[in-house]
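Step one of this worksheet: look at the structure below.
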Amino acid sequence: LEQSPPESRYGRVFVATPEQLRGRSFRVVFVPGLAERLFPQRPREDPLLLDALRRKVSPHLHTQAERSHEERLLLQLALGAAEERVVLSYPRLDAVEARPRVPSFYALDTARAVRGTIPDFEALEREAEALVQARLAWPSPPEAERAIDAIEHDLAVLGSFLHAGDTASARGRARYLLELSAELARSLRARWLRWNSVWRPQDGIVRTNEITEPLLEAQRPKIRPYSVTAMQKFAVCPYQFVLSAIHRLEPRRDAVPIVQLDPLTRGRMFHHVQAEVLRALRDAGHLPLAEGDADEAQQILDATLERLAVAYHDDLAPAIERIWDDEIDSMRADLRRWVRALARESATWTPLHFELTFGLASDVVSRHEKSEPGGRAGASASAPSERATSEPVRVLDGFLVRGAVDLVEENRAEGTLRVTDHKTGRNHTSVGMIVNGGATLQPVLYALAVREILQREVIEGRLYFCTSRGGFSERIVPMGDFARLYAEMVLTTLDRSVEKGFLPPAPRRDACRYCDFRIVCGPHEEVRSRRKSTSTLHHLQELRTLP
């Protein structure tokens with residue numbers, strides 16, 4: 001919208017479109033944005049009435065030729081309104097797409113009118129860069145006197161100090177920033193401390209005192225039970241463990257219409273269907289599932305999926321029915337393949353328990369504890385569970401664990417057990433994995449917990465990626481001495497870190513990219529943690545090297 005200028009123009013800067021310059025004159029005129037696709041804009045035909053049809057309708061309708069002429073007239077109006085001086089500028093970088101921009105041919109045309117020759121793009125860019133000497137990372141001129149606002153002035157002053165050869169003469173020269181406001185002073189000090197090579201309380205929990213020591217003592221894994229998912233966060237980033245497991249923070253859930261199922265909701269629904277199907281097969285006497293019962297199992301699967309899809313549809317209220325139907329069809333294809341795999345393994349393994357929970361108060365909590373923070377809550381979001389015990393289980397050297405095991409199976413020949421944790425995402429684990437650097441603990445800790453609950457030998461834990469996205473692959477972890485040793489090393493390191501109050505933001509590589517708490521730490525935590533002292537992180541670094 002164009003706004004009329006005030007009646008009194010003196011002492012003001014007149015900001016207007018080129019059309020508003022008709023009949024006006026100014027001492028100096030600034031024309032910004034002389035970059036390609038900005039000024040002039042990219043020529044476009046009217047999609048409702050193309051130029052070929054416009055010429056047939058009426059000779060008075062504008063086509064591309066008239067539009068180009070009108071765009072050129074805008075530049076002539078801007079230049080013609082200047083009495084003494086014209087300043088032309090263009091952005092050298094598209095900040096949104098992070099790609100360089102080039103000056104438009106209008107800039108070259110103006111340079112030809114002044115000099116008599118047309119300069120090339122490279123020469124024009126070099127001249128503009130030498131004149132401005134500003135970068136996107138430090139947007140200020142080299143001299144503070146040429147700054148156009150307070151921020152450019154401060155950056156220009158600081159830039160001269162940072163690049164000064166004599167550091168002694170620059171010491172203390174920027175102290176005026178600390179005196180501008182208490183908030184700015186506090187922010188600058190905290191930022192310097194966070195980027196310093198020494199771990200400070202500004203980084204997070206890095207030390208204990210008389211107030212925090214008893215509070216952290218109550219959070220040790222030998223005193224307070226944690227879910228296996230929560231324990232895995234410690235190896236990914238200790239501070240993520242603090243925020244999610246100790247403070248129990250999670251992203252705010254906004255009520256928005258579902259367009260496409262997010263991985264967490266899809267995984268919860270997938271687990272729900274699996275548990276219901278296994279329970280229906282057991283009640284019908286089809287477990288272990290024989291090859292001849294595969295057709296009837298498919299019918300039970302389809303009926304269960306249709307019934308639960310209706311309940312989830314009412315709970316989630318998807319915005320686009322076609323996308324929802326495609327999601328259900330994709331899930332049905334994966335579940336049918338899972339049932340066929342279950343039938344193939346029936347000669348060796350018999351399913352005994354499904355959604356076996358321990359240390360959880362309710363079924364809803366069961367599903368929530370196995371999920372990451374930020375999952376959707378709802379009446380249909382939980383699968384019925386078989387509660388083994390409401391008390392947490394002590395494993396290894398007295399560490400308290402709670403959770404829900406997707407599937408416990410019995411070897412028909414040997415009478416031993418294995419536990420399976422179903423995964424619906426991609427398989428990012430490596431062959432020979434045991435604890436995956438402390439980031440994948442379900443196979444080992446679930447196996448140890450089931451052994452304590454059922455008092456039976458558990459020979460292996462398994463991750464089964466039971467979707468096409470995961471390639472229907474599996475990772476089997478034999479429950480030998482190494483599995484127990486590595487799991488104990490992970491839990492001992494966690495317990496020692498909580499006891500000493502050293503839980504800093506020290507993420508694994510690329511961990512911040514998928515972290516829910518990036519808004520808390522900021523985007524540069526991985527870079528900042530690499531600048532810190534590594535001597536205090538040796539236990540965490542050793543843990544991350546475990547297979």
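The values are calculated or read from the model by the stated rules, or taken from the named source; none is laboratory data. Keep in mind that what you see is a predicted model, and the values were worked out from it rather than measured. Quick reminder, even Gly has a Cβ in these numbers, built from the backbone with ideal geometry, and neighbours come from all protein chains shown. Note: areas computed on protein heavy atoms with side chains; ligands, DNA, RNA excluded. Shrake-Rupley method; radii C 1.70, N 1.55, O 1.52, S 1.80 Å.
Before moving on, here are some points about what is shown:
- Two-site FRET efficiency, I148 against S68, from Cβ-Cβ distance with R₀ of 30 Å, rounded to 0.05: 0.35
- Around the Cα centre of the chain, unit charges on the Cβ atoms of Lys, Arg, Asp and Glu (plus for the first two, minus for the last two) sum to a dipole of about 1560 debye.
- Å² of accessible area per residue within the chain, as computed with a 1.4 Å probe and no ligands counted: 56 Å²
- Positive-pole candidate from S197, C237, V490, dipole of the chain, charges at beta carbon: S197
- Here is the result for the range 187-294: no chymotrypsin sites (Phe, Trp or Tyr not before Pro) lie in DSSP coil with at most 14 other C-beta atoms within 10 angstrom of their C-beta.
- Part-to-part distance (alpha-carbon centres) for the range 382-435 and the range 31-104, which is given in Å: 65 Å
- The orientation-averaged shadow of the Cα convex hull for the range 190-272, equal to a quarter of the hull surface, comes to 8.9 nm².
- Area projected by the alpha carbon convex hull of the range 86-160, averaged over all directions, nm²: 5.9 nm²
- Between helix 105-115 and the chain: long-axis angle, C-alpha atoms, 0 to 90°, nearest 10: 30 degrees
- Shown for the chain: the carbon plus sulfur share of the solvent-accessible area, taken with all protein chains present and a 1.4 angstrom probe, equals 53%.
- Distances between placed amide hydrogens fall under 5 Å for F30 paired with V87, all partners being 5 or more residues away or on another chain.
- 15 Å beta-carbon shell around A333, net charge (K/R +1, D/E -1): -1
- Here the translational diffusion coefficient of the range 419-502 follows from Stokes-Einstein with Rh set to the Kirkwood radius across Cα pairs; for 20 °C and 1.002 mPa s it amounts to 157 µm²/s.
- Global form of the range 81-123, assessed from the alpha-carbon gyration tensor, a/c cut-off 1.5: oblate
- Euclidean distance of C-alpha centroids, the range 470-542 and the range 258-292, integer Å: 32 Å
- Rounded to the nearest Hz, the phi-derived 3J(HN,Hα) couplings of the range 322-339 under the Karplus curve 6.51 cos²θ - 1.76 cosθ + 1.60 (θ = phi - 60°) are 5, 5, 4, 4, 5, 4, 5, 5, 4, 5, 4, 4, 5, 5, 5, 5, 5, 5, where x marks glycine and proline.
- Three-way shape call for the chain based on the alpha-carbon gyration tensor, with the a/c threshold at 1.5: oblate
- Given their separation in residues at 0.36 nm each and the Cα-Cα distance between them, D166 and D325 gain 50.4 nm when the chain is fully extended.
- The range 408-462: C-alpha gyration tensor shape, a/c 1.5 cut-off, then a/b vs b/c: prolate
- Contour excess over end-to-end distance, with Cα ends at R173 and V96 and 0.36 nm allotted per residue: 24.2 nm
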